[in-house]
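Let me begin by presenting the structure, written as structure tokens, before commenting on it.
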Amino acid sequence: TQSWGGESDREIVDNTVNDVASTVLSEVDTVNLLSATEDLTDAAWAKAGGVTATETTISRPDVGLLRVQQGPVAGTSNVPAVTFADLTYIDLQYAYVGIFDGIWRWWVFDILNGVSIGPYAGSFADDGWIEDNGDGSYRCSALYTGSADVYVGVFVSDSPTDPNSTNPGSMGITNMQLEQSATLHDYVPNTGKPTDTVLSDNFNAPDVNVLT
């Protein structure tokens with residue numbers, strides 16, 4: 001068990017976020033650097049070849065890469081960045097949540113069973129966490145430090161070791177966020193404005209062990 005820092009009573013158990021006792025709430029300026037976060041059909045979201053999207057799902061009728069991505073996002077070079085999405089299992093089990101700064105830095109999640117698997121081999125991801133939203137979806141969060149302004153994306157697969165899906169399928173993706181921060185905050189829809197203030201859980205991520 002590892003504590004999440006001094007301003008909260010949340011803790012990590014096997015890379016799963018759990019609430020304990022109480023949580024200190026504070027008003028913080030949370031800036032979501034992604035746009036059109038309520039609508040995956042928007043042109044801001046690039047889709048790999050053959051991928052179709054509704055506002056809240058991505059699907060493909062064939063095998064191969066199934067992903068949505070957005071970027072490059074200005075101001076995210078050489079600084080810690082947290083990204084997350086609320087993911088719902090439909091018929092593909094694994095999600096690769098990450099950034100691209102010349103290489104993909106992925107953290108892998110099992111959405112069917114609500115498990116954080118770990119960094120994709122050789123992708124130099126820093127850390128990742130999963131939280132049960134209680135509505136069939138899981139908030140999958142990951143921490144990275146990119147060497148250039150980053151692209152942000154979710155890859156969906158039927159394999160925990162290969163982002164290329166060998167089967168067609170779908171996954172629900174909502175509430176995606178990118179913050180120039182090493183601290184996780186509540187979701188802020190469709191915003192890049194520091195004037196958008198939310199009442200948010202304010203807690204520090206664990207110490208980062210960068211893979212080399």
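The values are calculated or read from the model by the stated rules, or taken from the named source; none is laboratory data. The model shown is predicted, which means the values in this text are computed figures rather than measured ones. All accessible areas refer to the heavy atoms of the entire protein, side chains included, with ligands and DNA or RNA removed. Shrake-Rupley method; radii C 1.70, N 1.55, O 1.52, S 1.80 Å.
Surface exposure of the stretch 45-199, expressed per residue as accessible area with a 1.4 Å probe, stands at 38 Å². Summarised as an ellipsoid, the stretch 68-174 has semi-axes of 22, 14, 12 Å, derived from the eigenvalues of the Cα gyration tensor scaled by 5 and square-rooted, with the largest first.
Panel note: the C-alpha atoms of the stretch 114-155, placed on their principal axes, show extents of 36, 20, 16 Å (largest first). Radius of gyration over Kirkwood radius for the stretch 48-96, both on Cα atoms: the Rg/Rh ratio is 1.02. Taking the 1.4 Å solvent-accessible surface of the stretch 94-186 as the whole, the part contributed by carbon and sulfur is 48%. Measuring with a 1.4 angstrom probe and ignoring ligands and nucleic acids, SER35 comes out at about 50 Å² accessible.
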